[in-house]
Amino acid sequence: MIFLKAKKEIEYIRESCKIVAETLQIVKKYIVAGVTTKELDRIAEDNILKNGGKPAFKGYRIPGAIPYPASLCTSVEDEVVHGIPSERTLKEGEIISIDVGVVKNGYYGDAAITVAVGEISEEKRKLMDVTEKSLYLGIEEARESKRVHDISYAVQNYVESNGFSIVRALCGHGVGKYLHEEPSIPNYGIKGTGKKLKAGMTLAIEPMVNAGTYDVFEGVDGWTIKTKDGSTSAHFEHTILITNGNPEILTVN
Ligand code: MF3
Ligand code: CO
């Protein structure tokens, strides 16, 4: 079942999303060669708590893995998503996806950005730019009476026509009352198909794009998803609201 959010619920979601956006902005400033992903996690958690929120990912459970132990997902290079913050030190030339979720007043916000560590190659810059642009093209389709796979198609089409591949094993999702709600939002699909979109839906759209093939595998920690061919991966995500007019991006300040 897809929840349509009432005005008050949207206000709560908006509030959580603002904390998410602010947290990403702050963490971004600390992404330099030499910092550990654990230090970034600490900075994020401090900001979430300071704003009266709770880290939405911490303690999250999936079958066969320890409860998620951190506030951020920090996914470096060939790590696609769900990288666990650790003593790993960032190196010049790497890219890192920072994903953060916040719950406050019982409502969730979720967003991610990919950031360069110092100077990066032209190929990695293009990978990041194409991934981010595909997110905005997807959001552009998030309109009353369009369909879920209109979003999916827009993302896939742009990514593939730029020579990259879109991860299939993981999807975007409804978000708000829970971190993960219906509908699932694949990043590939046939336009004009899937559930009808309606004003009041809040969605997390999150393309994950690999420089090589789209195949991924799960690391031994039970969380970290990596590219099968070792190629670099980028990830951007926003929580958005479908309205009677333009889609509204909630995870901005
Ligand atoms: N943004 C990711 C998602 O929506 C982050 C989930 S991490 C988890 O799936 F720990 F909460 F699973
Ligand atoms: Co998400």
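The values are calculated or read from the model by the stated rules, or taken from the named source; none is laboratory data. This structure is a prediction, so every number in the text was calculated from the model and none was measured. Cβ placement follows ideal geometry from the backbone for every residue including glycine, while neighbour counts extend to all protein chains displayed.
Miscellaneous remarks
- Total residues in the range 85-113 satisfying the condition of being buried (at least 23 other Cβ atoms within 10 Å of the Cβ) and either under 19 Å from S231 (Cα atoms) or more than 18 Å from the chain's Cα centre (by Cα) (or both): the figure is 6.
- Number of positions in the range 201-217 that are out of contact with any helix residue (DSSP H, G or I) (no Cβ under 7 Å at 6 or more places or on another chain), more than 12 Å from ligand 2 (Cβ to nearest atom) and in a strand (DSSP E or B): 3
- All positions within the range 129-166 that are assigned to a strand (DSSP E or B) and among the small types (G, A, S): S165
- In the range 94-123, residue nearest to M201 (Cα to Cα) [restricted to those that are in a loop (DSSP other than H, G, I, E, B) and among the small types (G, A, S)]: G106
- Restricting K91, K126 to residues that are at pLDDT 95 or above and assigned to a helix (DSSP H, G or I) narrows the list to K126.
- Single match in I113, I139 (criterion: closer than 21 Å to E248 by Cβ, modelled with pLDDT of 95 or more and within 15 Å of ligand 1 (Cβ to nearest atom)): I113
- Counted residues, the range 186-200 - those being within 16 Å of ligand 1 (Cβ to nearest atom) and more than 9 Å from H149 (Cβ to Cβ): 1
- Scope the range 55-68; condition without any contact (Cβ under 8 Å) to a residue 60 or more places away in the chain and surrounded by fewer than 16 Cβ atoms within 10 Å (Cβ to Cβ); matching residues: G59, R61, P63, P67
- Matching residues in the range 116-133 - criterion: being crowded, with 17+ Cβ neighbours inside 10 Å and away from ligand 1 (no atom under 16 Å from the Cβ): V117, I120, K124, L127, M128, V130
- Residue in the range 187-198 that is surrounded by 20 or more Cβ atoms within 10 Å (Cβ to Cβ), touching a residue at least 40 places away in the same chain (Cβ under 8 Å) and closer than 26 Å to G53 by Cα present: no
- Odd one out for G176 among (1) under 26 Å from G245 (Cβ atoms); (2) of a type in the set (G, A, S); (3) more than 15 Å from ligand 2 (Cβ to nearest atom): (3)
- Matching residues, the range 47-65, being over 16 Å from D110 (Cα atoms) and within 16 Å of ligand 2 (Cβ to nearest atom): R61, I62
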